[in-house]
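S.K.: Here it is, the structure, as structure tokens.
Rule-based calculations on the coordinates, nothing more; no lab input. Everything numeric in this text was worked out from a predicted model, so none of it was measured. In this analysis, Cβ positions are derived from the backbone assuming ideal geometry, glycine residues included, and neighbour counts consider all displayed protein chains.
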Amino acid sequence: MKRPASIRKRLFYQLAAVAAVLSLAFVLVVRGVASRAAEGTQDDILAASATAIADSLTSEQGEVTLELPYSALSMLGTINEDRVFYRITVNDGTLTGYADLPANNLPTRLDTPVFSTEVYRGDEVRLTSILRRVSNTAAGSQVVVTVAQTRSGLAAISRRITITATGVGLLFFLLATTLSLLAANSALRPLNRMTGTVARRGPSDLRPVTGEAPTELTPLVDALNSFMARLRSSLSRTEDLITEAAHRVRTPLATVRTQAEVTHRKLNKPEHKQAIRDMIRAIDESSRSAGQILDHAMVTFRADSLALDPLDLATLVTETCDRLSPTAELKDIALLMEQPDGPVPFKGDGIMLQAALHNILDNAIKYSPEDSDISVRIEINSVLRLSVTDQGRGFGDMDLAGLTSRYSRGANVGDVVGSGLGLTIADEVARAHGGQLELSHSEEGQGACVSLILPYN
Amino acid sequence: MRVTHFTLQLIAAMSLWVGAAQAFEIEDRQVYTASPETSVLHIISTADRAVFEPILLAFQADNPGISIDYTITGTTDLMKAIYEEDAVFDLAISSAMDLQTKLANDGYAQSYIPQSAPELPDWAIWRDQLFAFTQEPAVMVVSDKYFDKGTAPQTRDALIELLRQNPEKFRGRVGTYDVRRSGFGYLMATQDSRTSETYWRLMEVMGRLDAQLYCCSGDMISDVASGKLAMAYNVLGSYAASVVAATEGVQIVELTDFMNVMLRTVLIPSSAENVPDARAMVDFLTSLRRYPELVEASGLPPLDTAALQDNPALRPIRFGPGLLVFLDQLKEEKFLRSWENSILQELP
């Protein structure tokens, strides 16, 4: 059997089944009790009738005789219109009445009515018999008074009770089923509430679930919390590893580069110098690629748990430009900053934004010709636009949207080494902040314009 | 001798033995042929033809095609015919409520719910087998020769007093039913005895006055009309009324202490062959009240709950197993013995 997938359904079906069983039990019990009560009433009246007849037994000149009381039979007609039969036997001979009335269950004790149910003249009848001793002779006579009544009135009462009980039982069942539905919903409300709380969380909200949980859910909440704690520590280990890896790769590369430069200065042969220059370029590229891969990993990781720290974008831009200005100066490139006076407050992940801007600027410097300008601009209208415009070769007439995918590079950059990760990083940072990366041609017609468009709040 | 349960059995056994087809006594028989005839309704009844003919003809007018075979017999013979001799009739109409009750109780009637059932009072139907369609009080009929208008006694006590004080005047001039021969008389006598002890005193007084005993209301009333009787006690009111309307010199006295009201009943015997027509007739009879001209013509007073409520002296006999009591062999023997002791006295 397939188990119902929903707790609510299972709960409901089980409660409904219980209600059905209870309703059925109710109907049977009520019917049984009421039928017995009705039967008891009939038995009582039959016994009263038989007793009244027995009381009117007398002896006359040595013979048992009877003055049948009118009320003895008329009382049987008061509650229903059932047929009535009777018989009086004296020492096993019928004195009067219906001689063929069944006599299977005869009383053995004086004045104690016995009851039985028989079929007589095509109908089920209830019989009661009572034993009397009449002292008509010295020995006395054993007189049995039997009164019988058909049970169609009883059957009608029983039918009526059954219908009523069934109706009530059905109502009870419907009511109970409705209530079980409500109960199932109500019982699951804490679970739903908790589900809602957890579902509403950001993808990287790994704080423990607090709030009141029903006792039954406490182990689940505890397990969830412990799971999240493990996840959190695992994530923080990953972050540490990334930082560590970045550090471990970059630092030796920097050392190698320094050594290579020193060696370059010491060498005289042009072919050796060229070899070292190639080496330095390769080291630079490696360092840059490693940086970008780490940046990308870092951005991906941080995007999952975006920190929304208040920061000043103007400062961030200035710092980033300052850090890159030595590289720019090597190619006589001027970094021109255009930004509003005063701080530009923004809520976001400073490290990610810095990485994005760093990569955009780095790209711009890489593809800019010597002795050119790169402008970094912050514009605020409905959104915040942080754009970097260079005077380089631009994007040509290629598909701008494809450029932001990972490891994709422009068609016109074959001569420049690069990993193709720079714009991907910028794009992911923009998306993580709910914004987008816009690539366009610069207004002067030559060069590229890369803009981080962020929602400004 | 009124036929008892046991003698009935004896008669049945004998008739079986002799092989006689019908041992019950037929007083009269009339066939009302319909043309074209589609079915025949066999009715056994205790009601005189004069009384019932208008009803039968009206029924035929309403239900063309039904021929009616109307057999008239006494109340005990009717009982005997159905109870003992398995005579086949589609309908049994009788004024003896007790015998009809016994037929229904012992399983000789079949159930039917008449169309008019919702309008009928509860006491008019028993077991959906016995249907009352008239209510007829037992009245006293007195002769104008003996009583000027309004001078007849109004209660049984007054009657007893009058008879006691004028024995010579009324000797041999008082009539009542021979309860040994008339089922209706027996029913009225037993109900009287249940209702009041004055019944036995009255019988005692009437016995001393050499009461004349009759089998039927008709003879009794005509003897009162002719002046042979001064009074007749316990006469069927409906007959009395029809005779009084047609005859001079008779008054009806409705006693004010109590009047037992007999319900004329119809039942469909379990052996009925033409049940649909029998049911149609039951429907017709139980809605008799809707045909005033028939009530007028037959003189049968229809059921009228209001009349019973207006006159507290009217005591309708109730259906129920109580009616079986006086049909009990011992009870009947004792009652008849008491009755004979009271009414059949050696004249001094």
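S.K.: So, in nm, how far is label B:ASP310 from label A:VAL198 when the simple model puts each one 7 Å beyond its Cα toward the Cβ?
M.R.: Each label point is offset 7 Å from its Cα along the Cβ direction, giving 8.8 nm.
S.K.: For the modelled label position 7 Å from the Cα of B:ASP28 along Cα-to-Cβ, which residues of the stretch B:288-303 have backbone nitrogen atoms closer than 19 Å?
M.R.: B:294-301
S.K.: Each label point is 7 Å from the Cα along the Cα-to-Cβ direction; what then is the distance between the points at A:THR108 and B:ARG318, in nm?
M.R.: According to this spin-label approximation, the distance is 4.0 nm.
S.K.: Enumerate the calculated ³J(HN,Hα) couplings along the stretch A:94-105 in order (Karplus 6.51 cos²θ - 1.76 cosθ + 1.60, θ = phi - 60°), each rounded to whole Hz, writing x wherever the residue is Gly or Pro.
M.R.: 6, 7, 7, x, 8, 5, 8, 4, x, 9, 8, 10
S.K.: Using 0.36 nm per residue, how much length does the chain from A:ASP322 to A:GLN14 gain when fully extended, once their Cα-Cα distance is taken away?
M.R.: 103.8 nm
S.K.: Let me ask something additional. I'd like to compare B:86-98, B:30-42: which one has the highest average count of other Cβ atoms within 10 Å, and what's the full order after that?
M.R.: The packing order, highest mean first, is B:86-98, B:30-42.
S.K.: What net charge is computed for the residues neighbouring A:ASP295, neighbours being all others with C-beta under 12 Å from the C-beta of A:ASP295, Lys and Arg scored +1, Asp and Glu -1?
M.R.: The answer is +1.
S.K.: Let me ask another. When a/c reaches 1.5 or more, the comparison of a/b and b/c decides; with that in mind, is the stretch B:247-348 rounded, prolate or oblate per its Cα gyration tensor?
M.R.: Oblate, since a/c reaches 1.5 and b/c is not below a/b.
S.K.: Summarise the partner chain shielding of B:324-336 as one whole number: the mean count of Cβ atoms from other chains within 10 Å of each residue's Cβ. If you can, show how the numbers build up before the last one.
M.R.: Working: counts 11, 10, 2, 1, 9, 6, 9, 7, 2, 2, 5, 1, 0.
Taking all residues of B:324-336 together, the mean is 5.
S.K.: Then there is this: At a Cα cut-off below 16 Å, give the aspartates and glutamates reachable from B:LYS228, other chains included and same-chain residues fewer than 8 away excluded.
M.R.: B:ASP144, B:GLU168, B:ASP210, B:ASP219, B:GLU248
S.K.: Output wanted: per-residue J couplings in Hz (rounded whole) for the stretch B:55-60, from phi through Karplus 6.51 cos²θ - 1.76 cosθ + 1.60, θ = phi - 60°, x for Gly and Pro.
M.R.: 5, 5, 5, 5, 4, 5
S.K.: With the crude spin-label approximation of a point 7 Å out along Cα→Cβ, what separation in nm comes out for B:GLN165 versus B:GLN115?
M.R.: A separation of 5.7 nm, rounded to one decimal place.
S.K.: Let me ask something additional. Only Lys, Arg, Asp and Glu count, each charged at its Cβ (+1, +1, -1, -1), so figure out the dipole size of the stretch A:7-159 about its Cα centre, rounded to 20 debye.
M.R.: Using Cβ point charges on Lys, Arg, Asp and Glu, the stretch A:7-159 gives about 1260 debye.
S.K.: Do any GluC sites (Glu not before Pro) in the stretch B:297-348 lie in a loop, going by DSSP, with at most 16 other beta-carbon atoms within 10 Å of their beta carbon, and if so which?
M.R.: On the way: sites: B:GLU332, B:GLU333, B:GLU340, B:GLU346; in loops: B:GLU346.
Answer by residue number: B:GLU346.
S.K.: What's the whole-number percent of alpha carbon pairs in the stretch A:7-159 lying beyond 23 angstrom?
M.R.: Working: 5366 of 11628 pairs.
Tail fraction, whole percent: 46.
S.K.: Return A:ARG193, A:ARG207, A:ARG288 ranked ascending by Cβ neighbour count within 10 Å, so the fewest neighbours appear first.
M.R.: A:ARG207, A:ARG193, A:ARG288
S.K.: For a bin width of 5 Å, list the pair-distance distribution of the stretch A:178-336 built from all Cα-Cα distances, rounded to whole %.
M.R.: Per 5 Å bin, starting at zero, the Cα-Cα P(r) for the stretch A:178-336 comes out as 2, 7, 9, 11, 12, 11, 9, 8, 7, 6, 5, 4, 4, 3, 2, 1, 1, 0, 0, 0 percent.
S.K.: What full-extension length gain, to one decimal in nm, is calculated for A:THR300 and A:SER35 as 0.36 nm per residue of separation minus the Cα-Cα distance?
M.R.: Extra length available between A:THR300 and A:SER35 comes to 87.5 nm.
S.K.: Can you give me the relative contact order of chain B as a percent, contacts being Cα pairs under 8 Å and 6 or more apart? Could you put the intermediate results ahead of the total?
M.R.: On the way: 640 pairs, mean separation 90.4, N = 348.
For chain B, the relative contact order is 26 percent.
S.K.: Return the whole-Å distance between the Cα centroid of the stretch A:115-159 and the Cα centroid of the stretch A:369-396.
M.R.: When both Cα centres are located, 117 Å separates them.
S.K.: By its C-alpha gyration tensor, with a ≥ b ≥ c as the square roots of the eigenvalues, how is chain A shaped: rounded for a/c under 1.5, else prolate for a/b larger than b/c, else oblate? If you can, show how the numbers build up before the last one.
M.R.: On the way: a/c = 6.65, a/b = 5.30, b/c = 1.25.
Because a/c hits 1.5 or more and a/b exceeds b/c, chain A counts as prolate.
S.K.: Please compute the contact order of the stretch A:203-305 in relative form: average sequence separation of alpha-carbon pairs under 8 Å and at least six residues apart, divided by the residue count, as a percent.
M.R.: Numbers: 51 pairs, mean separation 34.6, N = 103.
This gives 34 percent for the stretch A:203-305.
S.K.: Another one. Quick one: if the Förster radius is 56 Å, what FRET efficiency do A:LEU175 and A:ASN91 give, using the C-beta to C-beta distance and rounding to 0.05?
M.R.: Efficiency computed from Cβ-Cβ geometry: 0.35.
S.K.: While we're looking at this one, here's another question. How big is the gap, in Å, between the Cα center of the stretch B:148-164 and the Cα center of the stretch A:40-104?
M.R.: The distance from the Cα centre of the stretch B:148-164 to that of the stretch A:40-104 comes to 40 Å.
S.K.: Take every residue in peptide B:224-232, count the Cβ atoms of other chains within 10 Å of its Cβ, and give the average of those counts.
M.R.: Per residue, the average neighbour count from other chains is 0.
S.K.: Taking the Cα centre of the stretch B:176-302 as origin, sum charge times position over the Cβ atoms of Lys and Arg (+1) and Asp and Glu (-1), and report the length of that vector in debye to the nearest 20. Before the final figure, lay out each step's value.
M.R.: Working: 10 positive and 15 negative charges, 45 e Å.
Roughly 220 debye for the stretch B:176-302.
S.K.: Please give the net charge around A:ILE333, taking every other residue with its beta carbon less than 11 angstrom from that of A:ILE333, where Lys and Arg add +1 and Asp and Glu add -1.
M.R.: -4
S.K.: Among B:ALA61, B:ALA81, B:ALA313, which one shows the highest mean-square fluctuation when chain B is modelled as a Gaussian network with alpha-carbon springs under 10 Å?
M.R.: Looking only at B:ALA61, B:ALA81, B:ALA313, the largest GNM fluctuation is found for B:ALA61.
S.K.: Right, here's the next one. May I ask which of B:LYS80/B:LYS334; B:LYS169/B:LYS331; A:LYS273/A:LYS366; B:LYS149/B:LYS334; B:LYS169/B:LYS334 have a Cα-Cα span longer than 28 Å here? List each step's numbers first, then the result.
M.R.: Numbers: B:LYS80/B:LYS334 22 Å; B:LYS169/B:LYS331 35 Å; A:LYS273/A:LYS366 23 Å; B:LYS149/B:LYS334 39 Å; B:LYS169/B:LYS334 32 Å.
Beyond 28 Å between Cα atoms: B:LYS169/B:LYS331; B:LYS149/B:LYS334; B:LYS169/B:LYS334.
S.K.: If you don't mind, there's one more thing I want to ask. Grab the Cα-Cα distance for A:THR117 and A:ASP278, subtract it from 0.36 nm times how many residues apart they are, and report the gain in nm with one decimal.
M.R.: Here the answer is 46.0 nm.
S.K.: Could you size up the charge dipole of chain B around its Cα centre, putting +1 on the beta carbon of Lys and Arg and -1 on that of Asp and Glu, and report it in debye to the nearest 20? Working shown, then result.
M.R.: On the way: 28 positive and 46 negative charges, 179 e Å.
Computed charge dipole of chain B: roughly 860 debye.
S.K.: Taking the protein assembly as shown, how much of its Cα-Cα pair set, in percent, is spaced more than 46 angstrom apart? Numbers along the way, then the final one.
M.R.: Values: 181200 of 323610 pairs.
Here the long-distance tail beyond 46 Å is 56 percent of all Cα pairs in the protein assembly as shown.
S.K.: Each residue of the stretch A:355-366 in turn: what ³J(HN,Hα) in whole Hz from Karplus with 6.51, -1.76, 1.60 and θ = phi - 60°, glycine and Pro shown as x?
M.R.: 4, 4, 4, 4, 5, 4, 5, 4, 4, 4, 5, 5
S.K.: Would you tally the net charge around A:ILE365, using a Cβ to Cβ cut-off of less than 12 Å, leaving A:ILE365 out, and scoring K and R as +1, D and E as -1? Let's see the in-between values first.
M.R.: Details: positive: A:ARG288, A:ARG323, A:LYS331, A:LYS366; negative: A:GLU329, A:ASP332, A:ASP362, A:GLU370, A:ASP373, A:ASP390.
Charge balance in the 12 Å sphere: -2.
S.K.: Over chain A, calculate the relative contact order: mean separation of alpha carbon pairs under 8 Å at least 6 apart, over the residue count, as a percent.
M.R.: Numbers: 643 pairs, mean separation 46.5, N = 457.
Computed value for chain A: 10 percent relative contact order.
S.K.: In what order do A:LYS273, B:LYS80 fall by count of nearby beta-carbon atoms within 10 Å, going from fewest to most?
M.R.: Details: A:LYS273 15, B:LYS80 24.
Ranked by crowding around the Cβ, least crowded first: A:LYS273, B:LYS80.
S.K.: Looking at the square roots a ≥ b ≥ c of the eigenvalues of the Cα gyration tensor of the stretch B:75-127, which shape do they give, rounded for a/c under 1.5, prolate if a/b is larger than b/c, or oblate?
M.R.: prolate
S.K.: Counting other beta carbons within 10 Å of each Cβ, put B:TRP126, B:TRP339, B:TRP200 in order, fewest first.
M.R.: Details: B:TRP126 26, B:TRP339 22, B:TRP200 15.
In order of increasing Cβ crowding within 10 Å: B:TRP200, B:TRP339, B:TRP126.
S.K.: Okay, next question. Among A:PRO208, A:MET298, A:ASN225, whose Cα lies farthest out toward the positive end of the dipole of the stretch A:203-305, if unit charges sit on the beta carbon of Lys, Arg (+1) and Asp, Glu (-1)?
M.R.: Going by the Cα projections, it comes out as A:MET298.
S.K.: List the aspartates and glutamates whose alpha-carbon lies under 19 Å from that of A:LYS331, not counting same-chain residues fewer than 8 positions away?
M.R.: A:GLU261, A:ASP278, A:ASP284, A:GLU285, A:ASP322, A:ASP362, A:GLU370, A:ASP371, A:ASP373, A:ASP390, A:ASP415
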